[in-house]
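Read-outs throughout are calculated quantities, based only on the coordinates presented, and are distinct from any laboratory measurement. Values in this document were obtained by computation on a predicted structure and should not be read as measured data. For neighbour counting, all protein chains shown are included, and Cβ atoms are generated from backbone atoms with ideal geometry for every residue, glycine included.
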Amino acid sequence: MGKAEAVIVGGGISGLSLAYFLLKKKPEFDIKIIEAEKRAGGKIVTENVSGFLCEGGVNGFLSNKPSTIALAGELNIEPIKGSEDSKIRYILINGKLTKVPDSPVKFFLSSLISLSGKLRMIGEYFIPAMKEEVDETVESFVSRRVGREFYEKLIDAMSTGIYAGDPSKMSMKSCFPKVYFLEKKYGGLIKGLLALKKEKKDVKAQPETVLMSFKGGMSELIKVLENALSSRVVKGKKVVSIVKNNGFYTVYFEDGDSIEAEKVILACPAHEASEILKELDREVSDILKTIPYPPLSVVAFGFKKEQIGFGTSLYGFLIPHREKRKILGTLFDSSIFPNRAPEGYVLLRTMIGGRRAPELAMLPDEKLIDTAISELRDILHIKGAPEFIKIFRWEKAIPQYELGHEEKLRKIEQRISKFSGLYLTGNAYRGVSVNDCIENSMKLAERILL
């Protein structure tokens, strides 16, 4: 393949947005983006089947960070906002769907948490802060500060919804750093929230945070980015290793081909970066290998609206681990965004597997479908069979930020800094959302071109 100034390995949102930002700052920059699969986008995949617009992975992004919205504006694509129904969310409690209140007052008036649980939550104000900066699990942190019931009913399910993870292993500091540092800075969560409210009193009110996507689904962003980068994106070519000689990197491909570059950015999953870096730095390779990627399956169902006994005006529901169910939760995609299902139909997406039940994600198709349908019939009072089914399997899905994650990053950065022109980026390090990936790409582009 000859030479390039920079080679980006990985054509997901991190790699594509990084290339875009580099070229924005330096249009003459000679870049190649190498993607192992025959399509770009990574975990962002949208398929339109029989009128159902299905997201295989990411279904949207939040408006509370400017990175994705700003990038979409530059690419001349208009994001769409989630409907009012997307604000209506449920948690499965004792086998029944319970609405999550949308304000503190409604929360304390609801039956979601018991009276003793609510008193325990209020008591958080008086709990002394842990002064040491300990890498604590999500389960330990939330139970210690807000109480066991709040953790088991709400935070457990929320953590599963974001990471498909196990909060007894997840690092609070790495997964939810803003909440973690409220205790460190203000002495507690309630104290921190009150202080922040006071600090923002004179600041102009911010718009409400809403879920957003695109008319053609999240893949619309990938397609437009890919078109903007044109021939720089090379698909169906797998990188197997890199070596450095005389100040240049040689990137080797599975087919025996190679390319030489001054800079190499690994924007692929950590487990792939681990294999690629084996020859260059075994220590970094070994650390990257320890970042878990549990399997996850997404099963999309198309039903007629009247088949859903519970109703369809909601974002979806999550299930706490204490309920001992075989699914993690379900999203009502057709209630969140328009044109996701034919008229009169509803599109549901059910998540199965994750860190706690990896074996369920890899069930044969028929058993996977039966498992999901059985749970949905009981929870949503569904009658009859679905008219549409689509399965998306991810053998290695969402990277897990578990205890020791920050220390892993410190060691990785220390080793990588010895290799001038070599960088790592992607959702395995500092944020799994689309917003995080794009924001991190923007920052990295500035570092690369310093």
| message | Quick check on the chain: helices-only [θ] at 222 nm, where DSSP H runs of length 4 and up contribute -39,500 (n - 2.57) each and the sum goes over total residues. Nearest 500, please. | response | -10000 deg cm²/dmol
| C-alpha center-to-center spacing [the stretch 276-309, the stretch 1-66] in angstrom | 17 Å
| note | Measuring from its Cα centre, the stretch 113-199 shows a charge dipole (+1 at each Lys and Arg Cβ, -1 at each Asp and Glu Cβ) which, in debye to the nearest 20, is 380 debye
| request: Order the peptides 227-237, 317-327 from the highest to the lowest mean number of other Cβ atoms within 10 Å of their residues. | output: 317-327, 227-237
| Nearest 20 debye, what's the magnitude of the dipole of the stretch 279-346 about its Cα centre given +1 on Lys and Arg Cβ and -1 on Asp and Glu Cβ? | 460 debye
| remark: Computed curve, the chain, Cα-only Debye sum without solvent term, log₁₀ I(q)/I(0) at 0.08, 0.09, 0.12 Å⁻¹, is -0.50, -0.63, -1.12
| note | The set of residues whose placed amide H lies less than 5 Å from the amide H of I8, leaving out same-chain residues fewer than 5 positions away, is K32, I33, I34, I265
| Can you work out ³J(HN,Hα) from phi for every residue in the stretch 334-344, in order, using Karplus 6.51 cos²θ - 1.76 cosθ + 1.60 and θ = phi - 60°, giving whole Hz and x for Gly and Pro? | 6, 8, 7, 10, x, 6, 9, 8, x, 3, x
| task | Collect residues whose amide H, placed 1.01 Å from N in the peptide plane, falls under 5 Å from the amide H of F388; neighbours closer than 5 in sequence don't count. | result | G302
| remark: Out of I13, I155, G247 - ranked by how far each Cα lies towards the positive end of the dipole of the chain, with unit charges on the beta-carbon of charged residues - the top one is I155
| request: Could you sort 180-190, 51-61, 115-125 so that the peptide with the highest average Cβ count within 10 Å comes first and the rest follow in order? | output: 51-61, 180-190, 115-125
| note | Ranked output for segments 439-446, 169-176, 20-27 by mean other Cβ atoms within 10 Å, highest leading, reads 169-176, 439-446, 20-27
| query | Under unit Cβ charges (Lys, Arg +1; Asp, Glu -1), what dipole magnitude, rounded to 20 debye, does the chain have relative to its Cα centre? | reply | 1220 debye
| message | Over 20 Å between Cα atoms: which of K106/K153; K26/K244; K3/K26; K326/K367 fall into that group? | response | K26/K244
